[in-house]
Amino acid sequence: MAKKQFKTESKRIMDLMINSIYTNKEIFLRELISNASDAIDKLYFRSLTDDSVGMARSDFKIRLSADKAARTLTVSDNGVGMTREELDNNLGTIARSGSLEFVNNLEQGKENDIDIIGQFGVGFYSAFMVADKVTVISRAFGAEQAYKWESAGADGYTITEAQKDGHGTDIILHIKPNAQEEEYDEFLDQYRLQGLIKRYSDYIRYPIVMQMTQSRKKEDSEEYESYTEDKTLNSMVPLWKRNKKEIKQEDYESFYKEKFYDYEKPLRVIHQQAEGTTSFQALLFVPGRADFNFYSKDFQRGLELYSSGVKIMDKCADLLPEYFGFIKGVVDSEDLSLNISREMLQHDRQLKVIANALEKRIKKELAEMLEKDRENYEKFWKAFGLSLKFGIYRAYGMNKEELQDLLLFRRASDGKPVTLREYRDAMPAEQKYIYYAAGENADKLALLPQCELVRDKGYDILFLTDEVDEFLMQLLQKYDEKEFRSVSSGDLGLESEQEKSEIEEKAKENKPLFDFMKECLGDKVAEVTLSARLKTHPVCLSSKGALSIEMEKVLNSMPNPDKVKAERVLEINGDHPIFETLKNLYETDKEKIKTYSELLYDQALLIEGLSIEDPVKFSNAVCALMK
Ligand code: ADP
């Protein structure tokens, strides 16, 4: 019988499993049980709409049997089973996108820590951590013929015809012999297996049965006898259906870790048991970190959806708004009709009612976390803040009322993240605007000349360091009646009426100088003016109009052939000695003003973190001055 080859990625995963130094080998059982339960779900789901299936809920079970003499452990289910093609496709190729990603990362040498495989849920292949040969005998529901899939390692597998009564799948693990450092006998021990089921698979909704050998006292005698009996190992009541009062925090946490493959505990657990016109149970989690692909197009958000305890969907995206896509969890409702197609489900009224209730609840929980559990909220923000920002941005600001109070920005004064409310409440009475500065990072922003005068007035500044931030500010426009204002554009409203007219006067007086400088710089700038935002620095760049220099940087860094340009204004500090020099030169040596204008402009560019057009010319001009 010719061996078939595994697909490349599958082979990689198999190699890894076979030679695994992963310490937590026991998770293989959880993976196989979960596959068995999914296979039963599929058939049970079908039986609800198709009478010819002829199975009742109580007919389904998963059986575990260990044979110490033969060194085999078998996991059997009476679910849908697999056809020959399905055996070939499903077990010869990697099904989970997570595993694939894991292998890719490994190949690129990104993951050194083998222990992270726990978070990917490697599925069926994990069997090879404890078995040196795996035999799968399966008969698809409705088929006459059963097939046997068998593999003893990464060099391939065979598929042959087989005998099997009834539909379903038997996964037979030929448990590895004990080696020096590794003991495998434990996976044949009934108590150890019982413990593993309790630990990882207690909430599986179908009975997991094992024949256990126990001993009891003989009647009317002091002697003991052993007897065997089928025992159901799992309690079958899903955690979300249990009474909240009886659930410990650790129960939630370990449920989360096992189910969603996270080694960290969640930042918050939301257990909602709603009764009413639409009743449902939801068990939701705010994770402590983003999935490796969370911010990529591949990420699939959604909650696991059950109807009366039967899984109908793995990731129901319609239950969550996009900006809460980081939430993981399970929703179960008796009010969802089971015989509804997935396409119809999208338009289901009950589902919408549940989604709305969840959205409200999540918002409330996040707000509460922000208020009472700041440390965790900040951790949450680090991982998922961008998701909320995009939530406002992508909806053109439509969600702003809902989400703006959940936003955090670092403030200049002490570098701490603050809410808009906190910033607003700390504003001195006379402060006109909510100031912000946008740039690469807080350290660079703190050095920006434009920040100096604002800070000097005792006003704080929000530092915006995400690319989306400034666009977001434009959508928000104001918070609690106070407009947002960039320190780098427009009027900052810092001067008194008198100071203002003094500046205007001075600007008017020197208009010919500024116009001349603008002429020297050509279309590099839209204007040269006297600055009202500088204190000790000689120059800075600001912008006119809707597009800021930061926004220009962001937009031009994107793959887009049409480059944009902000309307730049070169601002000169009227209190700086350089201004007197310029004034004098305007009377005596206009040629020099040309060089100085270019030098000042280049300096302003450097301060903004922009590159200068002609660095050699700049350097030569500086040297000429030093002579
Ligand atoms: P996943 O369960 O994430 O899809 P696995 O590698 O664990 O990935 O399984 C691959 C596929 O093999 C499953 O999607 C399923 O179609 C099939 N499969 C595995 N175990 C069973 C089973 N006990 N009964 C029926 N099909 C199964």
Exercise for the section: Evaluate the following for Ile392: is it modelled with pLDDT under 95 and buried (at least 16 other Cβ atoms within 10 Å of the Cβ)? Expected result: yes
Problem - Verdict on Leu283 being under 26 Å from Ile27 (Cβ atoms), in contact with a Cys (Cβ under 7 Å, 6 or more places away or on another chain) and touching a residue at least 24 places away in the same chain (Cβ under 8 Å) - result: no
Problem - Verdict on Lys382 being within 24 Å of the chain's Cα centre (by Cα) and within 30 Å of Leu48 (Cβ to Cβ) - result: no
Practice task
Could you tell me which of the residues Glu580, Glu591, Glu598, Glu587 is in contact with a helix residue (DSSP H, G or I) (Cβ under 8 Å, 6 or more places away or on another chain) and either more than 30 Å from Val554 (Cβ to Cβ) or surrounded by 18 or more Cβ atoms within 10 Å (Cβ to Cβ) (or both)?
Solution key: Glu598
Exercise for the section: Sort out which residues of region 396-408 are aliphatic (A, V, I, L, M), out of contact with any strand residue (DSSP E or B) (no Cβ under 7 Å at 6 or more places or on another chain) and touching a residue at least 12 places away in the same chain (Cβ under 8 Å), and write them in order of number. Expected result: Leu403, Leu406, Leu407
Exercise for the section: Return only the number of the condition from (1) within 13 Å of the ligand (Cβ to nearest atom); (2) under 25 Å from Phe255 (Cα atoms); (3) surrounded by fewer than 18 Cβ atoms within 10 Å (Cβ to Cβ) that Asn24 does not satisfy. Expected result: (1)
Problem - Count of region 142-170 residues which are within 38 Å of the chain's Cα centre (by Cα) and within 11 Å of the ligand (Cβ to nearest atom) - result: 4
Practice task
Kindly indicate whether any position in region 523-531 is at pLDDT 95 or above, assigned to a helix (DSSP H, G or I), acidic (Asp, Glu) and over 30 Å from Arg394 (Cβ atoms).
Solution key: no
Completion exercise
Within region 211-244, residues under 20 Å from Lys265 (Cα atoms) and not hydrophobic (A, V, I, L, M, F, W, C) come out as Pro238, Lys244
Exercise for the section: Could you list all residues from region 68-88 that are within 11 Å of the ligand (Cβ to nearest atom), at negative phi and in a loop (DSSP other than H, G, I, E, B)? Expected result: Asn78, Gly79, Val80, Met82, Thr83
Practice task
Answer yes or no as to whether Phe187 is aromatic (Phe, Trp, Tyr), assigned by TED's automatic domain parsing to the domain that holds Asn78 and in contact with an Asp or Glu (Cβ under 9 Å, 6 or more places away or on another chain).
Solution key: yes
Fill in the blank from the handout: The helices (runs of 4 or more DSSP H) lying wholly within region 533-627 that contain at least 3 residues that are touching a residue at least 40 places away in the same chain (Cβ under 8 Å) are 549-556, 577-588, 590-607
Practice task
Would you check if there is a residue in region 181-201 being closer than 28 Å to Asp41 by Cα, small (Gly, Ala, Ser) and at pLDDT below 95?
Solution key: yes
Problem - Hits in region 27-69 (condition: within 30 Å of Asn178 (Cβ to Cβ) and without any contact (Cβ under 8 Å) to a residue 60 or more places away in the chain) - result: Ala69
Practice task
Say whether the condition of being in contact with a Phe, Trp or Tyr (Cβ under 8 Å, 6 or more places away or on another chain), modelled with pLDDT of 95 or more and under 16 Å from Pro266 (Cβ atoms) is met by at least one residue in region 373-380.
Solution key: no
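The values are calculated or read from the model by the stated rules, or taken from the named source; none is laboratory data. Everything numeric here is computed off the predicted structure, so don't read it as measured data. Backbone-built Cβ (ideal geometry, glycine too); neighbour counts: all protein chains shown.
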